[in-house]
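The values are calculated or read from the model by the stated rules, or taken from the named source; none is laboratory data. Please read all numbers here as calculations on a predicted model, not as lab measurements. Glycine gets a Cβ as well: all are built from the backbone with ideal geometry, and neighbour counts include every protein chain shown. The protein model used for the area step is the full one, side chains on, heavy atoms only, and it has no ligands, DNA or RNA in it. Shrake-Rupley method; radii C 1.70, N 1.55, O 1.52, S 1.80 Å.
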Amino acid sequence: MSEGTGKLEMLVRVGFFARAVLYTVLGFIALGAIGQISEGTTGIFATVDAIPGGNVLLWVLVVGLLAYALFRFASPAFDIEHKGSDAKGWAQRIGHAGSAIGHLALAWTAYKFASGAAAGAGGGASEAAQGVLSFPLGGAVIGILGICFFFAAVAQATKAATAKFMHNISPAAPDQTKLVGRIGYAARAVTFAVIGWSLIETGFLAKGSSNVKTLGEAVESLAGTGWLFTLVAIGMVMFGVFSLVLARYRIIPDIDAHARSA
């Protein structure tokens, strides 16, 4: 392994750690243990910012979420996860692209809080959507992004059902990793579907940019569903725990090698 490859792997592991913090905090907010679910995604970063050393952790989240997004973009670009180029493979790779875009948006929100520019951060997704809508075919772009999120949701549900994600995890991982991962992926499938539908409504059904939901807002929108909301909230915590395991035990592909071969 080259020094550059080692640095890339470390960044990706920081990305999984950032994802662990994000989902764990979101889950506890939804369960009412901390924060306010009505604050949506901004509530996650506001909660982190309020703890001792929170600003340092916010910068770790910025770097980690950006690194994770770039890691996911490497899937459609270089097929680092060996999904292939048939219809099924491309569907999974497009799903990874949708996940990458979502984590870029989260990295931007984390940056606003870390840099002290959090005022107005709650409207970031709506503002971005409004900007895209102002361009010709902007609605189609947002609608297609929604379809990408549906691909991502299907991919998450498939992972929950098959547990094939274990192929990318070291055998040294804790025994309960499979169960925790299945619960987490099932919950994330629900939230990705909610985000995807909000984008499709905005892009294709002209519901307006304020309809666009981020991760926290997707969970918040389920608050009136009773047991489903509770299960998704628990699933968010489980996915955070699972991501923490991945930060240590995930087998990271050699992105440099795939890029050179491509």
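Residues whose amide H comes within less than 5 Å of that of Ile80, counting only those at least five positions distant or on another chain, are Ser75 (H built at 1.01 Å from N in the peptide plane). Ordered by solvent-accessible area of protein heavy atoms (1.4 Å probe), largest first, the residues Phe17, Phe229, Phe135, Phe239 come out as Phe135, Phe17, Phe229, Phe239. The portion of the accessible surface of the chain made up by carbon and sulfur, rounded to a whole percent, is 67 (1.4 Å probe; DNA, RNA and ligands excluded).
So what is the calculated 222 nm ellipticity per residue for the chain, using -39500 (n - 2.57) for each DSSP H run with n of 4 or more, over all residues, to the nearest 500 deg cm²/dmol?
Numbers: 10 runs with 191 residues, N = 262.
Here the helix-only value at 222 nm equals -25000 deg cm²/dmol.
Return the Rg/Rh value of the chain, two decimal places, where both radii are evaluated on C-alpha atoms and Rh is the Kirkwood radius. Don't skip to the end; give the middle numbers.
Details: Rg = 17.6 Å, Rh = 18.5 Å.
Rg/Rh for the chain comes to 0.95.
Screening the chain for DSSP H helices whose Cα atoms reach 20 Å or more along their own axis and whose mean Kyte hydropathy is at least 0.0 gives 3-30, 54-78, 87-114, 138-162, 177-204, 227-249. Remark on Ile169: its backbone amide H falls under 5 Å from those of Ile251, a criterion applied only to residues 5 or more positions apart or on other chains, H modelled at 1.01 Å from N. The Cβ shell under 15 Å around Asp86 holds other residues with a net charge of +1, Lys and Arg each +1, Asp and Glu each -1.
Using a cut-off of 25 Å between Cα atoms, the listed pairs Lys88/Lys112; Lys83/Lys112; Lys83/Lys213; Lys88/Lys159 include Lys88/Lys112; Lys83/Lys112; Lys83/Lys213 as exceeding that distance.
In segment 146-262 the Cα-Cα distances spread across 5 Å bins starting at 0 as 2, 12, 17, 18, 17, 14, 10, 6, 3, 1 percent of all pairs.
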